[in-house]
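Colleague: The structure is given below, and queries will be raised subsequently.
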Amino acid sequence: MALAAHKKIGIISHILPPSPSGQSMVLFRLLSGLARERYCLISSGRKPGNEESAASERLDADLFHLPKVRQLPAVGWPIFSALFICINTLWVVFRRSRQIEAIARREGCQSLIACTGDFYDLPATFIACRRLGIAFVPYIFDDYAYQWLGFRRRIAKLMEPLLLRRAAAVIVPNEYLQKEYRERHDIDSVVIHNPCPLPDLDQLDRGASLLGDGVNIVYTGAIYHAHYDAFVNLIAALNSLGRKELRLHLFTAQSERELAEHGVAGPRVVHHPHVPQSEVNRILRQADILFLPLAFSSPIPEVIRTSAPGKTGEYLAVGRPVLVHALPDSFISWYFRENRCGMVVDQPDAKVLSAAVEALVSSGGLQAELGLRAREKARTDFEISAVRSKFYILLDRLADYEHSA
């Protein structure tokens, strides 16, 4: 579906392709189908370089980098610290809104989509849109109010109702976050699942083995506080099984030393350096089990509960069994349980987890059944052309909204 030719969109995100993150990959897959003159990119983050860990190609639209706004330095006294955070928030939001407004006015943008991940981008874009009289669209990759800690969270919780209720549309990546915002702010939002291509499985199966012999459990992507205890549980489960052939392969940018400091280490753990994005599907396809974890104990449980890891569609698309280890009341536990497209262990219990691993390893039939269902759900919910079409329909709806506003 083609986007209305006369409408230009501004995309504001702190991270952009080809940076190796789920958010930048989603933006690449959604926007690479648009002609470069249909949109522009605006970012306060680090300028994308020719990094070895690039997860995609660059988008060819014009990119405008927002200069850093100078802030008051932090102070040690709690009372003054909160005051300085408030002053800095007001100042940075004001200055950034003027920067975004100037770019959007010069480029002729008719709507601005502001992505989460930066504390200031949503309120600054909101103000710019109000001054320009154009549509403001928050793209909520993670729960905006709860992804911050300390006093910033209090400020974000105060701003969030205004930002979302006055938006032309709100984009969320899954049904759990949609439900959360409906209950929290009485708003409707549009679910745009994180898109992924459907690889040719026959072609993947013809490739050389990249994992070696044995039973290979694979995880790809960043590992941080949103995952640590789930990995510790899996390592304990593997150790308890006593199967020498079991290996946990981690393809991640985090170093072995960093992971070991958080208990993600051991004789069954195989740490791999970064691999090109073009090789990821082949690695996933060769896994016996794909591990999809989220932490049971973290500083951001609200974000964990509604999180939609960018790799979800990629795991489903290769037709291999997925082992989910996350809180029972979380999107990924609900999704895989509801659709019976993976095995879910929603207790932080190594014994229960080891039983799940044993069941998968011991039954080729179960692996095949889960793999087939996974592939089908990738086709219906995450396939890139279908998700893009839904995204473009939303953008054309915004054109009508602006015309009648």
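Colleague: Explain nothing, just the number: dipole magnitude of the chain about its Cα centre with +1 on each Lys and Arg Cβ and -1 on each Asp and Glu Cβ, in debye rounded to the nearest 20.
Modeller: On the way: 47 positive and 43 negative charges, 241 e Å.
Rounded to the nearest 20 debye, it is 1160 debye.
Colleague: Report the label-to-label distance for Ser385 and Phe94 in nanometres (one decimal), using points 7 Å from each Cα along the Cα→Cβ vector.
Modeller: Label-label distance for Ser385 and Phe94, simple model: 5.1 nm.
Colleague: Subtract the Cα-Cα distance of Asp329 and Lys244 from 0.36 nm times their separation in residues, and report this length gain in nm to one decimal.
Modeller: Numbers: separation 85, 0.36 × 85 = 30.60 nm, distance 3.36 nm.
Between Asp329 and Lys244, full extension yields an extra 27.2 nm.
Colleague: Distance between the C-alpha centers of segment 74-136 and segment 322-336? Whole Å please.
Modeller: So the two Cα centres are separated by 34 Å.
Colleague: Which order do Leu394, Leu30 fall in if you start with the one that has the fewest other Cβ atoms within 10 Å?
Modeller: Numbers: Leu394 16, Leu30 23.
In increasing order of surrounding Cβ atoms, one gets Leu394, Leu30.
Colleague: Working from Cα positions, state the angle (0 to 90°, nearest 10) between the long axis of helix 121-132 and the longest principal axis of the chain.
Modeller: Its long axis makes an angle of about 30 degrees.
Colleague: Name the residue, out of Ser97, Ser278, Ser111, whose mean-square fluctuation peaks in a Gaussian network model built on the chain with Cα pairs under 10 Å.
Modeller: In the Gaussian network model the winner is Ser278.
Colleague: Nearest 500 deg cm²/dmol is fine: what mean residue ellipticity at 222 nm does the chain get from its DSSP H runs of n ≥ 4 alone, each adding -39,500 (n - 2.57), divided by its residue count?
Modeller: On the way: 15 runs with 182 residues, N = 405.
Theoretical 222 nm ellipticity from helices: -14000 deg cm²/dmol.
Colleague: Please identify the trypsin sites (Lys or Arg not before Pro) of segment 100-191 that satisfy two criteria: DSSP loop assignment and at most 13 other Cβ atoms within 10 Å. Which are they?
Modeller: Arg166
Colleague: Can you put Leu158, Leu398 in order of Cβ neighbours within 10 angstrom, beginning with the fewest?
Modeller: Details: Leu158 10, Leu398 24.
Result, fewest neighbours first: Leu158, Leu398.
Colleague: Here's a follow-up. Suppose a student asked you for the relative contact order of segment 201-382, using Cα pairs under 8 Å spaced at least 6 residues apart; what percent would you report? Each step should come with its number before you reach the end.
Modeller: On the way: 317 pairs, mean separation 43.1, N = 182.
So the answer I get is 24 percent.
Colleague: What FRET efficiency would be calculated for the residue pair Ser362, Glu183, taking the C-beta separation as r and a Förster radius of 45 Å, to the nearest 0.05? Before the final figure, lay out each step's value.
Modeller: Values: r = 41 Å, r/R0 = 0.92.
Efficiency computed from Cβ-Cβ geometry: 0.60.
Colleague: Return the single residue from Pro309, Pro18, Pro273 with maximal mean-square fluctuation; model: Gaussian network over the chain, springs between Cα atoms under 10 Å.
Modeller: In the Gaussian network model the winner is Pro273.
Colleague: How big is the chain on each of its three principal axes, counting only the C-alpha atoms and giving the largest first in Å?
Modeller: Each principal axis gives a Cα extent; for the chain these are 63, 55, 42 Å.
Colleague: May I ask you to compute the full-extension gain from Glu369 to Asp202, defined as 0.36 nm times their residue separation minus their alpha-carbon distance, rounded to one decimal in nm?
Modeller: Numbers: separation 167, 0.36 × 167 = 60.12 nm, distance 1.76 nm.
Taking Glu369 through Asp202 to full extension adds about 58.4 nm, to one decimal.
Colleague: Here is a further query. Can you give the Rg and Dmax of segment 252-317 based on its C-alpha atoms, in angstrom?
Modeller: According to the Cα coordinates of segment 252-317, Rg and Dmax are 13.8, 34 Å.
Colleague: Between segment 220-295 and segment 338-405, what is the separation of their alpha carbon centroids in Å?
Modeller: Answer, in whole Å: 20.
Colleague: I'd like the projected area of segment 201-382, averaged over all directions, using the convex hull of its alpha carbons. Report it in nm² with one decimal.
Modeller: Details: hull surface 38.4 nm².
If I average the Cα hull's projected area over directions, I get 9.6 nm².
Colleague: So how strong a dipole does segment 201-382 carry about its Cα centre when Lys and Arg Cβ are +1 and Asp and Glu Cβ are -1, to the nearest 20 debye? Write down the numbers at each step before the final one.
Modeller: Working: 18 positive and 20 negative charges, 64 e Å.
Charge dipole, segment 201-382, about its Cα centre: 300 debye, nearest 20.
Colleague: Once the other residues with Cβ under 12 Å from the Cβ of Ile127 are scored (Lys, Arg +1; Asp, Glu -1), what is the net sum? Please report the intermediate quantities before stating the final value.
Modeller: Values: positive: Arg95, Arg96, Arg98, Arg130, Arg131, Arg166; negative: Glu101, Asp121.
Spelling it out: positives minus negatives among the neighbours equals +4.
Colleague: So, one more: Going by how many other Cβ atoms sit within 10 Å of their own, how do Met343, Met159 line up, fewest first?
Modeller: In order of increasing Cβ crowding within 10 Å: Met159, Met343.
Colleague: Which FRET efficiency value, to the nearest 0.05, is calculated for Leu162 and Ala236 with the Förster distance at 60 angstrom and r the Cβ-Cβ distance? Each step should come with its number before you reach the end.
Modeller: Numbers: r = 45 Å, r/R0 = 0.76.
Efficiency, from the Cβ-Cβ distance: 0.85.
Quick note: the coordinates plus some simple rules give every number you see, no bench work behind them. This one's a predicted model, so the numbers in the text were calculated from it and none came from an experiment. Cβ atoms come from the backbone with ideal geometry, glycine included; neighbour counts cover every protein chain shown.
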